Amino acid sequence: MTNLHPLLYLSALGVYFHGVYVSITLGFPVAIGIMLYLWSRRGDQFYLSAAKKMSAVLAVNFALGAITGTLVEFGLVQVWPGTIFAIATFAFAPLALELIAFIMEIAFLILFLVTLGRVKPAFSIAVLALYAAFAYFSGVLITAVNTWMQAPWGTGPVAKALYPFLPEFGPLAVDVQKLVALKMAAVASGQPVSLVLQSPGISEKIGVVLNDPWVAFYSPYAVVSIFHNILAAIVIGLSLAVAGWAYRYWKTGREEYLRIVKPLAAALAVLFFVQAPIVAHFQGEVVAKYNPTKFALMEGAKETHVNPLVGLVAFGDPNKPIPGFDGFYAACDALGNATVGDLAKQLNIDLAQVAGLLKLQFAPGVAEVKLADVCKADVAKAEAYMPLIFAAYYSKVAFAIVGVAAALVLAFTLNRVPVLSSVASALAKVVGGDEKRRVFLLAALAFVGAAVASVLGWYVREVGRKPWTVYGLLYPSEVVTPVDYAASPGFLAFAFLVVLAVNIGGLLAMYIVATRGLKFWRR
Amino acid sequence: MDAGVLIGWAGLGLSVIMHVIFVSVTLGAGLLAAYLRWLSLSDPAWEVPARRAFKFLILAELFSGVWGTIITVFLAGFFPTITALATNVLFTPIAVAIAAIMVRIPAIAISWYTWGRISPSRHAAVMWIMAISGFFIPFGFRAVFAEITAPHAVASYLAAGTASPFAAWGSPVFWTLYLHTVLAVVSTGAFAVAAIAAYDRDEKTFKVAAKWGFGVLLGQLAAGPLYYFTLSAYSPILFNNINGPYLPVLAMKLVAVAALVYVGFKAFRGDMSLGRLAAPLALFAVVMGEFLNDGGRGEYFVLIGEQGVPVAAFANFYMPIPLGAAYVIVGFFVLALIVFALAAYYALYKRFISEVPE
């Protein structure tokens with residue numbers, strides 16, 4: 001069996017690099033838009049220069065985002081080909097619409113870059129807004145797909161049948177018999193799903209599994225995640241822009257850099273304040289409702305217990321207990337002596353017939369495996385992640401608090417608001433140093449707070465749903481490639497090397513673009 | 001053919017054609033730009049031609065990439081069976097292509113934005129990396145095309161349950177197809193640069209681009225027939241269709257190639273009068289060639305000697321395909337092309353892309 005861990009790390013590396021570029025892709029248009037607006041209102045060329053500088057960084061960033069997006073996409077179908085089944089069903093509509101978003105995003109970005117500074121500001125702002133709109137739309141669609149893996153909306157009580165502590169995932173939009181038969185085939189044969197998918201004519205033989213192609217959009221988890229993820233990306237991108245210009249201000253002492261930082265810091269503070277305490281709260285609520293094991297991991301709940309603060313925040317009821325792993329084991333026991341064979345019988349699934357249709361060899365004795373044992377084994381696998389997820393989650397909260405506090409202090413220090421500015425100035429003095437240094441340090445703290453909170457938040461989101469790739473339905477081993485050498489040291493070394501070289505080189509290029517002037521034409 | 005299958009098949013065909021149009025320009029122009037940049041190390045007068053050649057690439061590359069992404073989504077969404085089969089059996093060729101994409105795209109962005117910001121020799125090295133990495137992309141993906149035309153690795157996999165990671169490159173169809181492809185893109189990219197140089201009355205760039213375009217076109221006159229005869233030996237269905245129902249398309253391609261030889265020869269001798277026609281003629285020949293290669297397989301997705309596996313055998317029947325969404329997507333593709341054309345107009349004709357990055 002393929003060793004999954006290096007492949008998971010490879011995918012995670014690609015996703016994290018992609019996250020860096022997505023943050024700039026979504027955050028920089030806000031900063032560039034503000035600069036263009038100020039240029040149009042005040043006619044100061046310095047704002048146009050700032051917009052151009054950030055647009056050049058955005059262009060290199062976009063190229064890197066596109067290639068890491070390609071990596072993530074190919075990674076899905078290449079390294080995890082079992083996900084092709086999801087792409088052909090639940091993810092079909094979001095990914096098909098994503099084509100619109102992606103192609104329009106590129107078309108408007110090219111138009112914006114080519115015409116910036118050569119057309120009226122209003123035209124540039126309009127094109128930038130269209131580019132940003134499609135970039136955000138792309139974020140909406142990709143988040144919808146990712147969210148389906150967190151809460152497989154449309155599968156109703158399917159996961160609950162094996163894991164009684166799970167909720168139902170929306171209305172039933174699937175053919176339960178076929179979906180469960182496919183899952184049983186993967187479990188019984190020990191083979192990745194892609195080996196089932198690859199036989200010519202198999203799709204026609206299996207027939208319709210999903211009745212509603214749009215079901216991924218109906219998920220309440222998706223709605224909240226969309227706001228949470230996109231806002232997080234904007235905050236990181238914007239905070240990076242603020243930190244970059246604040247650094248210039250600190251190093252050069254030129255007042256025009258402060259004139260750039262001022263409005264950007266105000267926008268950052270507003271968005272960060274909406275994100276950290278408000279949107280994040282709703283995200284926590286849906287996690288508590290739809291990912292009970294993840295929520296228990298986040299709260300370190302080995303045993304079910306009452307925590308008034310968490311109860312109030314997560315459930316709106318301080319007396320409501322946090323479900324712990326003891327409760328999950330007990331729920332598994334409620335399955336009694338029911339076996340895989342019993343479940344198959346209940347759904348009129350003939351395992352021998354399924355094996356014949358899919359041309360697979362089923363392991364002997366699969367029908368006799370007790371469902372409670374499968375359930376408890378998976379709960380134990382999830383529980384093993386507790387120290388990591390608990391630490392990551394609370395570190396994330398701490399960084400978010402630091403970040404939002406720094407953003408607010410910076411904004412109120414630079415923009416006069418009665419009372420709040422006085423408080424902010426007093427707090428800023430805690431940082432020490434002169435005004436220029438304080439501005440930079442606060443901006444850097446806001447960036448670090450936003451970036452680290454997001455990195456850890458994404459870790460909790462992705463690792464917290466283990467041992468499943470699709471929560472309650474599919475394991476990573478069921479969607480991994482059957483190609484053994486994909487996990488060989490040689491291939492992995494090559495893949496890691498390419499990913500690291502390309503991304504480090506790209507980040508270096510972005511730094512050069514952001515910091516160096518042209519040398520060649522002056523020689 | 002089922003409506004969902006038909007729209008998937010047509011959409012896939014459209015995406016492949018659009019992708020091929022843009023990549024032909026970018027791969028060829030990239031190689032020429034790297035060569036000119038290298039020349040500029042000893043003679044700075046080549047720097048402006050190098051930048052002009054590079055302008056095409058910078059404009060078209062991301063747009064060509066997006067069509068590649070569209071192909072992937074069409075494949076996985078509409079044809080999950082063949083996508084699963086390809087990723088399992090052709091893992092290595094696809095991985096090579098992905099690695100090349102990962103090197104190529106940032107190398108382009110780095111080349112553009114570090115021009116004048118790093119030393120010229122370092123910059124020239126980055127340009128060569130950019131240019132050469134591009135040719136590894138069809139080295140991977142053309143292996144997939146060769147497999148659906150005359151299965152080699154897949155045949156071995158289906159017969160023995162296993163295939164060497166490098167089996168796809170053992171296909172004779174692959175090598176002639178790859179040679180045909182490489183020569184086509186180098187020639188097309190150079191002719192595209194020559195055409196815009198003719199429009200700009202830029203004699204220096206025109207001459208070098210025309211020489212490249214015409215020289216490689218002569219090689220193509222041998223590579224095209226070689227591929228044609230390889231098909232006669234290894235893919236009789238495609239060969240017969242090209243000489244049967246698709247004969248008018250073949251004829252149009254040959255007429256375009258003949259016209260291109262004439263225009264190219266005049267350009268080669270430094271005559272700029274017909275130079276602007278070089279790009280549309282070259283691109284038309286490329287489109288016709290790809291249409292023959294892909295459309296010529298008719299109702300079959302995979303051709304195996306005298307037999308074929310129908311498109312429907314690989315199609316998505318796991319859910320009802322939302323046809324309304326598919327039509328909306330196609331509409332947006334058209335809108336994106338209009339926006340892109342507007343950007344190209346500003347960049348190339350209104351000269352909004354400066355010779356130096358700002």
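A few comments on the model shown:
- Some residue of the range A:461-483 being more than 10 Å from every other protein chain (Cβ to nearest Cβ) and closer than 21 Å to residue A:237 by Cβ: yes
- Number of the condition not met by residue B:66 [criteria: (1) within 30 Å of residue A:134 (Cβ to Cβ); (2) within 8 Å of chain A (Cβ to nearest Cβ); (3) over 18 Å from the mean Cα position of the chain (by Cα); (4) assigned to a helix (DSSP H, G or I)]: (3)
- Qualifying residue in the range A:240-247 (condition: of a type in the set (A, V, I, L, M) and surrounded by fewer than 21 Cβ atoms within 10 Å (Cβ to Cβ)): no
- Elements of type helices (runs of 4 or more DSSP H) in the range A:260-372, at least 2 residues being touching a residue at least 60 places away in the same chain (Cβ under 8 Å) and within 22 Å of the chain's Cα centre (by Cα): A:280-290, A:292-298
- Failed condition for residue A:254, given (1) more than 30 Å from residue B:304 (Cα to Cα); (2) touching a residue at least 12 places away in the same chain (Cβ under 8 Å); (3) not small (Gly, Ala, Ser): (2)
- Residue B:186 vs. criteria in contact (Cβ under 8 Å) with a residue 24 or more places away in the chain and either assigned to a helix (DSSP H, G or I) or touching a helix residue (DSSP H, G or I) at 6+ places or on another chain (Cβ under 7 Å) (or both): yes
Yes/no per residue for (1) within 12 Å of another protein chain (Cβ to nearest Cβ); (2) closer than 30 Å to residue A:376 by Cα; (3) part of a helix (DSSP H, G or I):
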| residue | (1), (2), (3) |
| --- | --- |
| A:429 | no, no, yes |
| A:433 | no, no, no |
| A:437 | no, no, yes |
| A:442 | no, no, yes |
| A:450 | no, no, yes |
| A:456 | no, yes, yes |
| A:503 | yes, no, yes |
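- Candidate set: the range B:338-358, residues that are closer than 30 Å to residue B:5 by Cα and facing chain A (nearest Cβ under 8 Å); chosen: the one modelled with the highest pLDDT: B:339
- Only a single criterion out of (1) over 24 Å from residue B:60 (Cβ atoms); (2) aliphatic (A, V, I, L, M); (3) in contact (Cβ under 8 Å) with a residue 60 or more places away in the chain is not satisfied by residue B:95, namely (3).
- For the range A:204-225, residues that are within 14 Å of another protein chain (Cβ to nearest Cβ) and without any contact (Cβ under 8 Å) to a residue 12 or more places away in the chain total 1.
- Failed criterion for residue A:266 (all others in (1) away from every other protein chain (no Cβ under 14 Å); (2) in contact with a strand residue (DSSP E or B) (Cβ under 8 Å, 6 or more places away or on another chain); (3) surrounded by fewer than 21 Cβ atoms within 10 Å (Cβ to Cβ) hold): (2)
- The set of residues in the range A:484-501 being facing chain B (nearest Cβ under 8 Å) and touching a residue at least 24 places away in the same chain (Cβ under 8 Å) consists of A:486, A:495, A:499.
- Wholly within the range B:79-175, helices (runs of 4 or more DSSP H) carrying at least 1 residues that are at the interface with chain A (Cβ under 8 Å from one of its Cβ atoms) and surrounded by fewer than 24 Cβ atoms within 10 Å (Cβ to Cβ): B:80-89, B:91-113, B:120-149
- Every pair of residues 6+ apart whose Cβ atoms lie under 9 Å, when the first sits in the range A:414-433 and is in contact (Cβ under 8 Å) with a residue 12 or more places away in the chain while the second is in a loop (DSSP other than H, G, I, E, B) and not small (Gly, Ala, Ser): A:424/A:417
- Residues that are outside any loop (DSSP other than H, G, I, E, B), at pLDDT below 90 and facing chain A (nearest Cβ under 9 Å) are absent from the range B:308-323 altogether.
- Restricting A:430, A:397 to those that are under 30 Å from residue A:302 (Cα atoms) and not acidic (Asp, Glu) reduces the list to A:397.
- Yes/no for residue A:243 being within 12 Å of chain B (Cβ to nearest Cβ) and in contact (Cβ under 8 Å) with a residue 40 or more places away in the chain: no
- Restricting attention to the range B:41-63 and to residues that are among the small types (Gly, Ala, Ser) and either facing another protein chain (nearest Cβ under 9 Å) or under 23 Å from residue B:191 (Cβ atoms) (or both), the residue that is surrounded by the most Cβ atoms within 10 Å (Cβ to Cβ) turns out to be B:53.
- Taking the conditions (1) modelled with pLDDT of 95 or more; (2) more than 14 Å from every other protein chain (Cβ to nearest Cβ); (3) surrounded by 18 or more Cβ atoms within 10 Å (Cβ to Cβ) in turn, residue A:180 satisfies each one other than (1).
- The criterion of at least 1 residues that are touching a Phe, Trp or Tyr at 6+ places or on another chain (Cβ under 6 Å) and within 11 Å of chain B (Cβ to nearest Cβ) is met by the following helices (runs of 4 or more DSSP H) wholly inside the range A:1-119: A:45-74, A:92-115.
- Evaluated against (1) under 33 Å from the mean Cα position of the chain (by Cα); (2) more than 21 Å from residue A:230 (Cα to Cα); (3) assigned to a loop (DSSP other than H, G, I, E, B), residue A:412 falls short on exactly one condition, (3).
- Taken across the range A:418-435, residues that are modelled with pLDDT of 95 or more and small (Gly, Ala, Ser) do not occur at all.
The values are calculated or read from the model by the stated rules, or taken from the named source; none is laboratory data. Note that the coordinates shown come from a computational prediction; the quantities given were computed from them, not determined experimentally. Every residue, glycine among them, receives a Cβ derived from its backbone with ideal geometry; neighbour counts consider all protein chains shown.
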